[in-house]
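Peer 1: One structure coming up, written as structure tokens, with questions to follow.
The values are calculated or read from the model by the stated rules, or taken from the named source; none is laboratory data. All of these numbers come straight from a predicted model, not from anything done at the bench. For neighbour counting, all protein chains shown are included, and Cβ atoms are generated from backbone atoms with ideal geometry for every residue, glycine included. Note: accessible area is taken over every heavy atom of the protein model, side chains too, but ligands, DNA and RNA are not part of it. Shrake-Rupley method; radii C 1.70, N 1.55, O 1.52, S 1.80 Å.
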Amino acid sequence: MADMDLYDRLEELPTSGSAEEAYNRMTQYRFAQRYAEGRSVACVSREDVGFCTRLLAETGEFVVGFSDSTEALQSARGSYPDSNVNYQEANLPELPCPKGSFDMVVALDVIETLE
């Protein structure tokens, strides 16, 4: 997967929103990806949980994608499975795991949508 070029990555982004929004999401996740190397990572997302988790799993040791959207989780499980990836439903902003379970938490474009 790591040998895919920018065009291939953009083609895989969720289709909601503009191309500029999709590009911004991808660059945000790529920025976080460099800090995920060799770490256990929680990726908290709503609709982009699969894409986020997949990118972080390229360098992370283990990544769990958390979302409060059952549909997004089902889609992610089918579209972005990997041996170092797991998906779990969460009642955001709470995560169903003890504090300190992950080396890193990535939650892009999520906090501002919570009540």
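Peer 1: Can we say Glu61 is acidic (Asp, Glu), loosely packed, with under 14 Cβ neighbours inside 10 Å, at pLDDT 95 or above and over 14 Å from Glu89 (Cα atoms)?
Peer 2: yes
Peer 1: I would also like to ask the following. In segment 106-115, which residues are assigned to a loop (DSSP other than H, G, I, E, B) and either surrounded by 15 or more Cβ atoms within 10 Å (Cβ to Cβ) or at positive phi (or both)?
Peer 2: Matches in segment 106-115: Ala107, Leu108, Asp109, Val110.
Peer 1: It is to be established whether one or more residues within segment 98-105 are open to solvent by less than 60 Å² (accessible area, probe 1.4 Å) and among the β-branched types (Val, Ile, Thr).
Peer 2: no
Peer 1: Give me the pairs: first residue in segment 31-56 and more than 13 Å from Met104 (Cα to Cα) and touching a residue at least 24 places away in the same chain (Cβ under 8 Å), second residue among the aromatic types (Phe, Trp, Tyr) and open to solvent by less than 10 Å² (accessible area, probe 1.4 Å), beta-carbon distance under 7 Å, and six or more apart or on different chains, which are they?
Peer 2: If the second residue must be among the aromatic types (Phe, Trp, Tyr) and open to solvent by less than 10 Å² (accessible area, probe 1.4 Å), the pairs left are Cys52/Tyr29; Leu55/Tyr29.
Peer 1: Would you mind telling me which numbered condition in (1) at pLDDT 90 or above; (2) within 23 Å of Leu114 (Cα to Cα); (3) not in a strand (DSSP E or B) Ala22 fails?
Peer 2: Every listed condition holds for Ala22 apart from (1).
Peer 1: For Gly78, indicate whether it is at pLDDT 90 or above and in a loop (DSSP other than H, G, I, E, B).
Peer 2: no
Peer 1: Scanning for something open to solvent by 50 Å² or more (accessible area, probe 1.4 Å), among the β-branched types (Val, Ile, Thr) and over 12 Å from Cys43 (Cβ atoms), does segment 69-92 turn up at least one residue?
Peer 2: yes
Peer 1: So, in segment 70-115, exactly how many residues are of a type in the set (Ser, Thr, Tyr) and without any contact (Cβ under 8 Å) to a residue 24 or more places away in the chain?
Peer 2: 2
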